[in-house]
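The values are calculated or read from the model by the stated rules, or taken from the named source; none is laboratory data. Only a predicted model underlies this, so the values are computations on that prediction, with no experimental measurement involved. Here the Cβ positions follow ideal geometry from the backbone for every residue, glycine too, while neighbour counts run over all protein chains shown. Calculation scope for accessible area: heavy atoms of the full protein, side chains included, ligands and nucleic acids excluded. Shrake-Rupley method; radii C 1.70, N 1.55, O 1.52, S 1.80 Å.
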Amino acid sequence: VAVVTGGASGIGEAFVRVVAERGARLVVADINLEGAQAVAKSVNGVAAAVDVRSPPSIEALAKHVEANVGPAEIVICNAGVAQLPVPAEALSLEVWDRMHEIDLRGVFVTAVAFGRYMVQRGKGAIVNIASITGMRSTPVHAYASAKAGVISLTESLAADWGRSGVRVNAVAPGFIGSAGL
């Protein structure tokens, strides 16, 4: 069983398709339930509504998957939003907080919600989606710092859970065109 947050479109949808081709049973989790249902149907998977800003929503997803779909062996923490480039002095705290709430906090809460089951079983893989912007100077200050946090968080979780048999890695893509997936 593989769970992909933000799986209804873009990179998340691409992850869903690749993992499905390799034989996993997919749970396509997204705030856009209608989109998740369409993608899940196309890969004979299961759709689930989730809002990564809400720890209770993520906890409910993890419990639902474990109880009704099967043990999650792969979780791809992909749900996120992008930021338009602006000078730091023009960046609102509202945008800053939104980027960190979704792109960093959402990854942490999702990884922990599923990771606790994986640690108990002694196996599993979590893939956090970071960004090349987390490693370079860019004018997307809130997004880049959130993605840098994802990289650091990934290293910390890998060190914490690795001895338990749970692999935690990050992928840091650059800018991509995801229209038409």
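Brief remarks follow.
- Largest-first principal axis extents, alpha carbons of the chain, Å: 48, 39, 28
- Trypsin sites (Lys or Arg not before Pro) lying in DSSP loop within the range 49-156, provided at most 13 other Cβ fall within 10 Å: Lys123, Arg136
- Between the range 101-152 and the range 1-39, the alpha-carbon center distance in angstrom: 18
- Farthest positive-ward along the range 90-181 dipole, Cα basis, beta-carbon charges - from Val150, Ile126, Val166: Val166
- Descending by average beta-carbon neighbour count within 10 Å, the peptides 66-77, 149-160 line up as 66-77, 149-160, the highest first.
- Relative contact order of the chain, defined on C-alpha pairs under 8 angstrom at six or more residues apart (%): 20
- Radius 15 Å from Cβ of Ser92, net charge of other residues (Lys, Arg +1; Asp, Glu -1): -3
- Each Cα pair under 8 Å and six or more residues apart adds its separation to the average, and for the range 83-177 the resulting relative contact order is 35 percent.
- Folded to 0 to 90 degrees: helix 55-64 orientation relative to the chain principal axis, Cα: 20
- Taking all protein chains into account, the per residue accessible area for the range 52-181 stands at 51 Å² (1.4 Å probe).
- Of the solvent-accessible surface of the chain, computed with a 1.4 Å probe over protein heavy atoms with every protein chain present, carbon and sulfur atoms account for 56 percent.
- The range 1-82: relative contact order in percent, alpha carbon pairs under 8 Å with at least 6 residues between: 36
- Ellipticity estimate at 222 nm from DSSP helix runs (n ≥ 4, -39,500 (n - 2.57)) divided over the chain, nearest 500: -13500 deg cm²/dmol
- Other residues whose C-beta falls under 10 angstrom from the C-beta of Ala130 contribute a net charge of 0, scoring Lys and Arg +1 and Asp and Glu -1.
- The lysines whose alpha-carbon is closer than 28 Å to the alpha-carbon of Lys147, local same-chain residues fewer than 8 away aside, are Lys63, Lys123.
- C-alpha long axis of helix 141-161 to longest principal axis of the chain, angle in °: 40
- Dipole magnitude for the chain: about 580 debye, using +1 per Lys or Arg Cβ and -1 per Asp or Glu Cβ, origin at the Cα centre.
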